[in-house]
Every structure is written in structure tokens, then in C-alpha cells.
Amino acid sequence: MNETNSMIHIKGLRDGLLVSLDDAPWEEQLAALVSRVDAQPSFFQGARLALDVASQILHVNDLVSLRDQLSERGIFLWAVVSESPTTEQTAQLLGLATRISKPRPEESRAYAVDDLGEDAALFLDRTLRYGTRIEFAGHVVVLGDVNPGAEIVAEGNVIIWGRLRGMVHAGSKGNREAVICALDFSPMQLRIADEVSAAMDSQTHSKPQVARINEFGSLQAENWSPD
Amino acid sequence: MPAQVVTVTSGKGGVGKTTAVANLAVALASNGSKVVCIDGDIGLRNLDVILGLENRIVYDIVDVIEGRCRLKQAMIKDKKLPNLYLIPAAQTRDKNAVSANDMNHLAKDLRSECDFVLIDSPAGIERGFKNAIAPADRVLVVTNPEISAVRDADRVIGILEAEEKGPGALIINRLNPVLIKKQDMLSAGDVLDLLAIELIGIVPEDEGVLIGSNRGTPVSADPKSRAGQAFRNIARRLKGENVPFLDLDSSGSLWERLQKLTGRK
């Protein structure tokens, strides 16, 4: 959700709202924010709010007054992010967080599963690049590559219709029956349940393979064949 | 036509971002475009040295942003090319002196002034990098044919996609056909295979590039240089021309693979 008016940007975060202000005079910004809140009280009621004040220099009085005005309206101010060290110190003095881990949805995401239980699967129609981490409480299917430095952690099976060159952990909650398959199988590391295996084979395969825990209890990858 | 803002970035340091900016700037300017380069590496400025303009700096980008001078005053005109300008980085400040918004404003003011704005990004994926890509219409990702540089490029491309700056276009810098033949270096095909984005240029390894950088005369001004030719070709591709890739490997195997990969016949 993205809404804009002259100087206030409001964005939904995973766990609340992020309000970004610009460098206009503080009094104006404050007034604009308050009037914005008053215009849609039900939208803001009970919200956890993080405020990005750009390079505004704010002192204790400013933030206290802001916090009070917000809490009168049922809004909990938990973080103030600023480029100004003074403002950062002020926020810390008041026990406010000064960093919000801005979740970059494309980079790292733990998906929630509601009703499907363990049969749910997450379908990703793209290549996962270095630095991407996908966590899912079910199966994961990727139509694309998993590049070195990308990670998939799934409670169920992981199927990759593409090249596997990153790290995959299947059966992450202990399911030893989970399997990992890929069309081109050269993972950096594989894990199934609590078994870990470093690069299965240094040669680059272009054959589809399936990895599972074998009868001796160790991780093993086999060529896939249609029969 | 309003200017194209092009940011050159890489993730890993030392792969040739600044050299690429200098060479592309010279190539574009020699071709008649009006070019303004911005050194986005606040605190560790280099672009001025490579362009040979170090001793002319009076004002820098932070002076413009903090209002100590007008934009025009910080635009240093090149020694030889009258339509090439540099806005240098500050030496004594750091990345926190500039915000993404500042860069957007600066780029906006420059758009009406010139044909190309080239921004040299600092290494890394932190604030300086975010500032440098903020105003970009187009991002060029520079990498070397070595695994760590390619990994970092992959990370950067992922961030560009997440920030909706497109996947960017790839420059593979310092390719050495002899090492590739001996299988001691990743080939352009290997790099493209992993990164899977548009290729805009391959620059062969060439000591002339280093010499040019040290002399402050980028190699793309030298009509005989192979690397210079590669940079001139990238500049033409930036202008929308369809220029065939240099044949760097006489045996043609690399060339054939490239043709396959880029879908040309």
C-alpha cells in the first residue's frame, strides 16, 4: 500500500507502518501527519508506526510531543529513523528504535501458510540471486535458477526446474523423507532435516538429480531416470 | 531530448567502474554528446584523477548539495573535450553527506543541461550505492570474469530488480582470451550463463587502460586501442545503435557462444 500527499509517504511494513517525511519545516510536517491521521482514524487506529524523518534535527521536546499526539490517537510510535546523529540520539534517549530492518520482500521473506497445512507449496517463477533467502513452511517450487549465494529453507520438498547452485534445506523442521530435485544439480550445500552435505560433486552436472536421505541415514544424490 | 542518467556499479570494488565511467564519458563526448559525470564515491574520489582533472577542482558535489556553490560552478570542464564535465566527489566527507533525494534533485537539474549523466557508484551495496542508483534511468553492472566479482554482480542485480531499476546491463571487463583458452578464466559465456541479463559490452584486458588512467587520458580516446574500441562500442550501444561485439578470440568459439547467447546470428 502506497499513499502520498505533499510531503508524507506512508508504506505498509510487515509489522506496521512506515511514514517517511522530507526536509520541510518540522511544524508543517507534524501538522500534516496529524491531520492525515485524523482524516482516516480507523486506518491508523492501533498501528505500530515507524517514522523516517530524513535529515530533520529533532530534540527531545519534538519527539515527546509527537509521541504523545500519536498515542492520543491510538498509534504506537516505536522507531524514528534519521540521517541526523542528533535526532538518532534523541530517539535513543526516549527508548525508540533507530533502525528498522526494512524487509526487502524480494530478498528475504518468510512466508506464512494458513489453511493448507503441510501440503502448501510456494511457486517462484524467477531466478533466485545471490543474497536471496526464501523460507517457507511447506514445499518450494522454483521455475528458474538458484544461483550461488541464494538460500531456500523449506519444511517440505524443494523442486527446482532450473540450475541449483545455491544452498537448499528441505525438511527443515526435521522431515527426513523430504527430497530435493533439480534439473542441473550442482548445489553449494544441501541439507535435509539435520543432515548436511557440502558440494555433492565438484563436477558440473547437466543431468536432473534427486537428493534424499538413504537407508544408511546419509544424504545422497542420484541421477533421475524416467523408469 | 532529456538526458539519460546512467549509473555504473558493480558490488565488488576494483573491477573497473571508475575506469568504465571515464572511458564511456570520453567516448560519448567525442561522439558529440554533452556528458556530465558524477563521482558518487564521496570520501574516496578517483574519477577526477582518471580524467586528469584533479588540479582543477574548486567545488565538489557536497558543496552543491549543501548550497555553497551553484551547480555550474562545480561542473569542471574537460581539458580536451568541451562538452565533457565532471562533478567531483568530496574528499573530506563521507557517504552520509548525501542522500538519495539529493542525488535525485541533482540529476533532475542536470537532465535539461546535457545528453548523458554518468554516475560512478562506490563499491558495496550500502548507502553510497543506493544514492548512486536512485536517479538512474539505466544501470550498467561491471564485472570481471572471476567468481567473486560475478557473485557480487549477481547480488547487485537482485537488488536492482527489487528496487525496480530493471536488471541492468552487463559490462564484462578485463577479459583475457588467452587465459580462457587455457580454462583459467571464466568465459563471457560462463558469466552470462549465471547472471542472465543483457550484455552491453566486453572489454578485453589491456595494459593501455591502466596507463591511460595513470596519465589522466582514458584509453577510449586512443583509436588504436582494443579496450578503447570496446568502450566506444558500449557508448554507441548506449545511444541505441546496434553494434556487433568485438571478436576477442581468433578461434571464434567464444564468438559463436556469444552469438548464441545474445540471440544474434
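Nothing in this text is a laboratory measurement; each read-out follows from the coordinates by a stated rule. As the structure is a prediction and not an experimental result, all values here were calculated from the model. Methodologically, a virtual Cβ is constructed for each residue, glycine included, from the backbone with ideal geometry; neighbour enumeration extends over all protein chains shown.
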Open item on the list: With θ taken as phi - 60° and the coefficients 6.51, -1.76 and 1.60, list the Karplus ³J(HN,Hα) couplings across region A:42-50 in order, rounded to whole Hz; mark glycine and proline as x.
Closed with: 6, 5, 8, 3, x, 6, 8, 10, 10
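Using a 10 angstrom Cβ neighbour count of at most 12 plus a DSSP loop assignment to flag exposed GluC sites (Glu not before Pro), which longest range of chain B is free of such sites? Kindly include the intermediate steps, with their values, before the conclusion.
On the way: sites that count: B:GLU126, B:GLU164, B:GLU241.
That would be B:1-125.
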Task: C-alpha long axis of helix B:147-162 to longest principal axis of chain B, angle in ° - done: 60 degrees
TODO: Calculate the all-directions average of the projected area of region B:87-236's alpha-carbon convex hull, and give it in nm².
DONE: 10.1 nm²
- [ ] With an 8 Å cut-off on Cα pairs and a minimum separation of 6 or more residues, tell me the relative contact order of chain A in percent.
- [x] 9 percent
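Report the charge-dipole magnitude of region A:142-183 in Debye, nearest 20, computed about the Cα centre from +1 at each Lys and Arg Cβ and -1 at each Asp and Glu Cβ.
On the way: 4 positive and 4 negative charges, 15 e Å.
Roughly 80 debye for region A:142-183.
Do any of B:LYS80/B:LYS165; A:LYS207/B:LYS182; B:LYS34/B:LYS77; B:LYS77/B:LYS108; B:LYS12/B:LYS34 go past 22 Å between their Cα atoms, and which? Don't jump to the answer; show the numbers that get you there.
On the way: B:LYS80/B:LYS165 34 Å; A:LYS207/B:LYS182 26 Å; B:LYS34/B:LYS77 11 Å; B:LYS77/B:LYS108 20 Å; B:LYS12/B:LYS34 29 Å.
Checking Cα-Cα distances, B:LYS80/B:LYS165; A:LYS207/B:LYS182; B:LYS12/B:LYS34 exceed 22 Å.
Taking loop as defined by DSSP and a crowding limit of 11 other beta carbons within 10 Å, which trypsin sites (Lys or Arg not before Pro) in region B:116-193 fit? Walk me through the intermediate numbers first.
Numbers: sites: B:ARG127, B:LYS130, B:ARG138, B:ARG151, B:ARG155, B:LYS165, B:ARG174, B:LYS181, B:LYS182; in loops: B:LYS165, B:LYS182.
In loop regions of region B:116-193 (DSSP not H, G, I, E or B), the sparsely surrounded trypsin sites (Lys or Arg not before Pro) are B:LYS182.
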Task: DSSP-defined beta bridges in chain A - what % are antiparallel, rounded to 5 - done: 35 percent
Open item on the list: Using only the alpha-carbon atoms, how far is helix B:253-262 inclined from the longest principal axis of chain B? Give it as 0 to 90 degrees, nearest 10.
Closed with: 60 degrees
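With a cap of 16 neighbouring Cβ atoms within 10 Å, and only residues DSSP puts in a loop, list the chymotrypsin sites (Phe, Trp or Tyr not before Pro) found in region B:63-157. Before the final figure, lay out the partial values.
Values: sites: B:TYR85, B:PHE116, B:PHE129; in loops: none.
When the chymotrypsin sites (Phe, Trp or Tyr not before Pro) of region B:63-157 are filtered for loop state and at most 16 Cβ neighbours within 10 Å, nothing remains.
Could you give the C-alpha radius of gyration of chain B expressed as a fraction of 2.2 N^0.38 Å, taking N as the number of residues it contains? Intermediate values should be presented prior to the final figure.
Working: Rg = 17.5 Å, N = 265, 2.2 N^0.38 = 18.3 Å.
Cα-based Rg divided by the globular estimate yields 0.96.
Considering all alpha-carbon pairs of the protein assembly as shown, what whole percent are spaced by more than 32 angstrom? Before the final figure, lay out the partial values.
Values: 62877 of 120786 pairs.
Value for the protein assembly as shown (Cα pairs over 32 Å): 52 percent.
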TODO: May I ask for the angle, rounded to the nearest 10°, between helix B:226-238 and the longest principal axis of chain B, with both axes built from Cα atoms and the value confined to 0 to 90°?
DONE: 70 degrees
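Quick one: order A:PHE216, B:PHE231 by neighbouring beta-carbon count within 10 Å, fewest to most. Please report the intermediate quantities before stating the final value.
On the way: A:PHE216 6, B:PHE231 28.
Ordered from fewest to most neighbouring Cβ atoms within 10 Å, A:PHE216, B:PHE231 come out as A:PHE216, B:PHE231.
Counting only other residues whose beta carbon sits under 10 Å from that of B:LYS34, what net charge do I get with K and R as +1, D and E as -1? Could the numbers behind the result be given before it?
Details: positive: none; negative: B:GLU113, B:ASP115.
Net local charge, B:LYS34 excluded: -2.
Add -39500 (n - 2.57) for each DSSP H run of 4 or more in chain B, then divide by its residues: what number comes out at 222 nm, to the nearest 500 deg cm²/dmol?
Details: 12 runs with 107 residues, N = 265.
Taken over chain B, the calculation gives -11500 deg cm²/dmol.
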- [ ] Would you pull out the residues with amide H under 5 Å of B:LEU199's amide H, same chain only if 5 or more places away, H placed 1.01 Å from N?
- [x] B:LEU170
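With +1 on each Lys and Arg Cβ and -1 on each Asp and Glu Cβ, how big is the dipole of region A:7-77 about its Cα centre, in debye rounded to the nearest 20? Intermediate values should be presented prior to the final figure.
Working: 6 positive and 10 negative charges, 75 e Å.
It works out to roughly 360 debye.
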